[in-house]
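The values are calculated or read from the model by the stated rules, or taken from the named source; none is laboratory data. This one's a predicted model, so the numbers in the text were calculated from it and none came from an experiment. When we count neighbours, we look across all protein chains shown, and the Cβ atoms used for this are built from the backbone with ideal geometry, even at glycine. Ligands, DNA and RNA are stripped out before the accessible areas are found, and what is left, the full protein with its side chains, is counted by its heavy atoms. Shrake-Rupley method; radii C 1.70, N 1.55, O 1.52, S 1.80 Å.
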Amino acid sequence: MMNSSHLAASAAARVGSSTMQLSPQGGWSSQVMDSSLQGNLRTVAACVLSFVAAAVSSAGGVGGGSLYVPILNIVAGLGLKTSTAFSTFMVTGGTLSNVLYTLFLRGSGGGGSGGGRPSLIDYDVAVVSQPCLLLGVSTGVVCNVMFPEWLITALFSLFLALATFKTYGAGVRRWRAETAEMGRGAEGGGIEDGAEEALRLGRSRRGCQWVDMVVLVTVWLCFFVMHLFIGGEGAQGALNIEPCGIIYWVITVAQVPVAVAFTAWIGHHKRRRSQAVLVKTSKLDALPAYAFPVAALLTGAMSGLFGIGGGLLLNPVLLQIGVPPKTASATTMFMVLFCASMSMVQFIILGINGIASALLYAATCFVASIVGLVAIEGAIRRSGRSSLIVFMVAAVLALSAVVIACSGAVRVWAQYASGHYMGFNLPCSATQQNLTTFM
């Protein structure tokens, strides 16, 4: 009996000891499951918010990067660098579907009857502006490294606030003009504005679109190769060129003559063709030769300085110049596609973790972009007012201003509280790891 009781007690003790040893493992397993579930829920929430942001941004004709980064950083819990990298995939996905929809559906007049309508994209503006836009981005990135984050945040918030009011004012003026046209009994004054603009752009454009596409791809490849050599977006260059060394600065400065040469050749070719046709087929022909290159250079510089894709800046600029809303929206998305895809491909080649997750977010934005376009097209068709696009741009600008001001203020305060240096830097005193990004 004593031996039996002793054995039973020993067995119970061993079971209890085993239970005590297994309990921590069970708790750890439960914590892992809870953490995994929480991560999945955050990813789902980020995808839903990204879908909404992409739909609204696409309807307004902007990339949406200024909304994607806070969503990925705050909701999905990703780091700022990872969020910035993922946002390039998302902007590329959204703009790609927008451009494809514009080329094959919006531009075809809903089925291509009668040969179809020409595309809403103003290829003349895109081709002339793209070299200076990419040059401006490189210039802005250098300024981004030199300027303190508090100054960048303040300048960006101020610019977005001013752009919001200017764009809203342009929308109000266009709304009143549309109302006056409707009052005079003009048939389809609001609906056909974009169609008439597309038809006007379509004169003598069929044979030139593919030529313009080849030129755009050539410009893209030239700047991409230079950026690939010197690195960027916080990544080392493909040839391991020493940052801020002689070769680095030679390649960097070489972007200036390349952009000037492309712009001069394209501008000369476009002007000569326009004089031969004797028909003003683009807004490019109605303004001085330097208007769009200078506007693109300034827009690109602000894009690089503020760390965004450029659509948020380019669309209001085109609207202020006088480009019709539909054409401004389509042309902006077409140009942003080249900028965003350059960063995306660079991230892929130079190496980035989480490609599968980035593609998931990009696919979400791809679908959402089409949904946003279909929704805004339906609203314009029912109301007869293309000014709705202008108001959508103003809404995205206002929302971006609030998000960037708040998130930037939090980061600046954290830097101040931790004793971080808050002054200016020399171009080579800070590495590309210190880029301030809102994309």
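What does the highest-first list of 67-80, 41-54 look like by mean Cβ count within 10 Å?
Output ranking for 67-80, 41-54: 67-80, 41-54.
Separation between the Val52 and Arg176 pseudo-spin-labels, each 7 Å from Cα along Cα→Cβ, expressed in nm?
3.4 nm
How would you order 407-416, 394-403 from highest to lowest mean count of nearby Cβ atoms within 10 Å?
With the highest mean Cβ count within 10 Å placed first, the list reads 394-403, 407-416.
Quote to one decimal, in nm, the extra length available between Lys166 and Asn425 on full extension: 0.36 nm per residue of separation minus the C-alpha distance between them.
90.0 nm
Express in nm, to one decimal, how much length is gained between Met213 and Val256 on full extension, taking 0.36 nm for each residue of separation and deducting their alpha carbon distance.
Using 0.36 nm per residue and subtracting the Cα-Cα distance, I get 13.3 nm.
How large is the accessible surface of Ile349 in square angstrom, using a 1.4 angstrom probe and rounding to the nearest 10?
Accessible area, nearest 10 Å²: 100 Å².
Give me the Kirkwood hydrodynamic radius of the range 310-439, using the inverse of the mean 1/r over all pairs of distinct Cα atoms, in Å to one decimal.
Mean inverse Cα-Cα distance, inverted, gives 18.0 Å.
Per residue of the range 46-63, in order, report the coupling 6.51 cos²θ - 1.76 cosθ + 1.60 (Karplus, θ = phi - 60°) as ³J(HN,Hα) in whole Hz, putting x for Gly and Pro.
5, 5, 5, 5, 5, 4, 5, 4, 5, 5, 5, 5, 5, 4, x, x, 10, x
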